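Student: Below you will find the structure I want to go over with you.
The values are calculated or read from the model by the stated rules, or taken from the named source; none is laboratory data. All of these numbers come straight from a predicted model, not from anything done at the bench. Neighbour counts are summed over all protein chains in view; Cβ atoms, including those assigned to glycine, are modelled from backbone coordinates with ideal geometry.
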Amino acid sequence: MRIESTKLNDCYLIHNTIFRDERGYFFESFNKQRFLKETGIEIEFVQDNQSSSERGVLRGLHFQHGSHAQSKLVRVLQGEVLDIAVDLRKDSSTYGQHVGVVLSGDSETQFFVPRGFAHGFVVLSQRAVFFYKCDNYYNKASEGGIIYNDPALNIDWQLPPAELLLSDKDKVLPTLKQIENDLNF
């Protein structure tokens, strides 16, 4: 396992060491002690989630705030997605910035998104199965979001807008500017 920093504070890519033979493959997808040693982040995952989506489905940008904020360790089991994290921590030197990484079932790379970030992804392949671990339980009353096409963020989703498929809820999310005074992590 190799852990790589991204341009955002506390966001990491985890490149797994894969052991292959005629039977298939094996890899350690997470090691709490090693993660702590290399990142300084103490984490305890309590919930796993999985979704399946077709090409063009955009889920995000979502977050939970207050005492229900969540860190996520995300990976793609099948297909390919563009995964986006936006730093919403006002005291961070990377506040308001985002990073995008392509994750696929072939790469076995994972993306760690800490508490205080908005998160979303768009499916680039015909279908994708997306899996993530959370360090806090989902709480509907604490959910929030930012509109995917916020001009201040200027995210390149790598697909034409006409190909994007969003939930009704995600189509009407506010901009970061509209909610920044209410952010608490």
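Student: Quick one: how many residues across segment 132-152 are of a type in the set (A, V, I, L, M) and more than 13 Å from G120 (Cα to Cα)?
Tutor: 2
Student: Residues being among the small types (G, A, S), within 18 Å of H62 (Cβ to Cβ) and part of a loop (DSSP other than H, G, I, E, B): count how many of those fall in segment 110-137.
Tutor: Adding up the residues that qualify gives 1.
Student: Could you check segment 1-36 and list, in sequence order, the residues that are within 22 Å of V102 (Cα to Cα) and part of a helix (DSSP H, G or I)?
Tutor: F35
Student: OK, next. Any residue at all in segment 139-150 that is surrounded by fewer than 18 Cβ atoms within 10 Å (Cβ to Cβ), assigned to a loop (DSSP other than H, G, I, E, B) and either in contact with a Leu (Cβ under 6 Å, 6 or more places away or on another chain) or without any contact (Cβ under 8 Å) to a residue 40 or more places away in the chain (or both)?
Tutor: Yes, some residue in segment 139-150 is surrounded by fewer than 18 Cβ atoms within 10 Å (Cβ to Cβ), assigned to a loop (DSSP other than H, G, I, E, B) and either in contact with a Leu (Cβ under 6 Å, 6 or more places away or on another chain) or without any contact (Cβ under 8 Å) to a residue 40 or more places away in the chain (or both).
Student: Report whether or not D150 is over 18 Å from L82 (Cα atoms), out of contact with any His (no Cβ under 7 Å at 6 or more places or on another chain) and not aliphatic (A, V, I, L, M).
Tutor: When the stated conditions are applied, D150 does not pass them.
Student: Show the residue pairs meeting these rules: Cβ distance below 6 Å; 6+ apart or different chains; first residue within segment 75-96 and assigned to a loop (DSSP other than H, G, I, E, B); second residue of a type in the set (S, T, N, Q).
Tutor: From segment 75-96, the pairs are G79/S125; S92/N9; T94/N9.
Student: Just name the residue that is nearest to L183 (Cα to Cα) out of those in segment 41-70 that are part of a loop (DSSP other than H, G, I, E, B), at pLDDT 95 or above and out of contact with any Cys (no Cβ under 7 Å at 6 or more places or on another chain).
Tutor: The extreme case among them is A69.
Student: Looking at segment 114-129, is at least one residue of a type in the set (S, T, N, Q), surrounded by 15 or more Cβ atoms within 10 Å (Cβ to Cβ) and either more than 15 Å from the chain's Cα centre (by Cα) or at pLDDT 95 or above (or both)?
Tutor: Within segment 114-129, one or more residues are of a type in the set (S, T, N, Q), surrounded by 15 or more Cβ atoms within 10 Å (Cβ to Cβ) and either more than 15 Å from the chain's Cα centre (by Cα) or at pLDDT 95 or above (or both).
Student: Continuing with this model, one more query. Residues in segment 81-93: is at least one under 16 Å from Q50 (Cβ atoms), out of contact with any helix residue (DSSP H, G or I) (no Cβ under 6 Å at 6 or more places or on another chain) and of a type in the set (S, T, Y)?
Tutor: No, there is no match, as no residue in segment 81-93 is under 16 Å from Q50 (Cβ atoms), out of contact with any helix residue (DSSP H, G or I) (no Cβ under 6 Å at 6 or more places or on another chain) and of a type in the set (S, T, Y).
Student: Residues being in a loop (DSSP other than H, G, I, E, B), farther than 28 Å from E54 by Cβ and out of contact with any helix residue (DSSP H, G or I) (no Cβ under 7 Å at 6 or more places or on another chain): count how many of those fall in segment 151-185.
Tutor: Going through segment 151-185 one residue at a time, the tally reaches 2.
Student: Another question about this same structure. If you check S107 against the conditions, is it in contact with a strand residue (DSSP E or B) (Cβ under 9 Å, 6 or more places away or on another chain), over 23 Å from E4 (Cα atoms) and either outside any loop (DSSP other than H, G, I, E, B) or small (G, A, S) (or both)?
Tutor: When the stated conditions are applied, S107 does not pass them.
Student: Would you mind finding the one in V123, V113, V101 that is of a type in the set (A, V, I, L, M, F, W, C) and in contact with an Asp or Glu (Cβ under 6 Å, 6 or more places away or on another chain)?
Tutor: After ruling out the rest, the residue left standing is V101.
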